[in-house]
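Everything below concerns the one structure shown next.
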Amino acid sequence: MPFGPIIRAMRHNRMRFAFIILEIAITLAIVTNAVNMILDERKKMLQPSGFDDDNLVSIAYQPFAPEFKEQSYVEALVQKDMRAIHSIPGVKAVATTYFLPWQGGGSSGVWKTDRFNGKFQAQLYAARGEIFQTLGVKVTQGRAFVETDTPVDSNVPTRVTIISRALAKKLWGNANPIGHVITNGEGATPRTVIGIIDDFYNPYAWNIGEFVLFTPGRAYDTTGAVFLVRTEPGAMKSVVAQLEPRLLSVNPGRVFRIVKISDLKDQYFSGGKLVIRAMTAIIIILVFITALGIMGISSLAVAERTKQIGTRRALGATRADILKHFLLENWLVTTAGLILGVIGAYGLNVLLVSKLSDVKMQWELVAGGMVLLWINGLMSTVPAAMRATLVPPSIATRSV
């Protein structure tokens, strides 16, 4: 079918078709970037921590009884507390630690090593007890902490550390990290690497989610303590119900706060879920509005060209010819809008990367968006185009 008659017909309604071209372009630009943001949020949600998140619970206490003012009393009490927690049916492991997964942050610092040129940043957490059994990760190289790794004097810094595989690779590549020494940013407080854990991810404000140092330090003092408890699958509810009563039986002079790690994870991703819902709503609304716009333009074009359609039918044009005419007209309009929309999509992505996100647009998303809007445009044109095929040749002989 020749393009000449179609283009000439479109010239008579330049503003109308310019409007729909602009609408398609804006839709493509926004929809592709919205999908890009949705995929980025979903990727974050699917990032595994490496821990047994669904079976972890944290219990923290703050004391009000006078005996908690003595550090020696607290030392003995923490050991009693861990034994009491262990005695609860369904408890698999327990540790005292300030580390809580899915907090979006925690403790961090700047360190340097004996063989790393420059300083680096990583998360740092003290823990005592079965910390890795509690988290559900394994020490895959070297050894785990033993009780003698924790200094008797709470004022003496720890001398050993277990780090994540990702941090070891960052610092020493494929070389054996065991035996290397990590110090603080000033070169003090040396800690020897004695073990490596493979699986670790905890989101952080900086890009250090996979980098961690665990030390066999105290996660408690005279102001309180935090315990991390791992339960057997299906035992979470019964264990949570017994935690506070069991610890109160050891010492009633404190108040407790219990948090499931799965709830912390849900809270951490609540913002991402809101973004996904908002972006999904925007996509649906924009595609729907664009479809309505195309339907309206197509219906108006058919209504205005009824006599012209009848004349073409009288001159021998078939219904298929009429259908092709309007579908091809829509294809031209949609294609022009999509070409403009590709430029807009990448332009908007550059703006978002510079202001909000670091996720660059993938060409597959743009290609998928173009296909979606091509189909959307054709489907929106079909009802009006089908009505045009029903115009009889006799309409050409009627007076207006």
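Here's the yes/no breakdown for (1) at pLDDT below 95; (2) basic (Lys, Arg):
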residue: 217; (1), (2): yes, no
residue: 225; (1), (2): yes, no
residue: 228; (1), (2): no, no
residue: 239; (1), (2): no, no
residue: 243; (1), (2): no, no
residue: 255; (1), (2): no, no
residue: 265; (1), (2): yes, yes
residue: 268; (1), (2): yes, no
residue: 274; (1), (2): yes, no
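Of the conditions (1) free of Cβ contacts under 8 Å to residues at least 12 places away in the same chain; (2) part of a helix (DSSP H, G or I), residue 151 clears all except one; give me its number.
(2)
Of the numbered conditions (1) farther than 27 Å from residue 57 by Cβ; (2) in a strand (DSSP E or B); (3) not hydroxyl-bearing (Ser, Thr, Tyr), residue 128 satisfies every one except a single condition; which is it?
For residue 128, the exception is condition (1).
I want to confirm something. Restricting to region 296-326 and keeping residues that are buried (at least 17 other Cβ atoms within 10 Å of the Cβ) and of a type in the set (A, V, I, L, M), which single residue is nearest to the chain's Cα centre (by Cα)?
This residue is 297.
Give region 301-332 a look and list any residue that's of a type in the set (A, V, I, L, M, F, W, C), within 15 Å of residue 395 (Cα to Cα) and free of Cβ contacts under 8 Å to residues at least 60 places away in the same chain, or say none.
As a first pass, look at region 301-332 and keep what is of a type in the set (A, V, I, L, M, F, W, C): 301-303, 309, 314-315, 317, 320, 322-323, 326-328, 331-332.
Next, only the ones that are within 15 Å of residue 395 (Cα to Cα) stay: 302-303, 309, 314-315, 317, 322.
Residues satisfying the conditions are 303, 315, 317.
With region 169-268 as the region, which strands (runs of 3 or more DSSP E) entirely inside it contain at least 2 residues that are buried (at least 21 other Cβ atoms within 10 Å of the Cβ)?
Numbers: elements: 181-184, 191-197, 212-215, 224-231, 254-260.
Result: 191-197, 212-215, 224-231.
The values are calculated or read from the model by the stated rules, or taken from the named source; none is laboratory data. Bear in mind that the values here come from a model prediction, so they are computed numbers and not experimental data. FYI the Cβ positions are ideal-geometry reconstructions off the backbone, even for glycines, and counts take in every protein chain you see.
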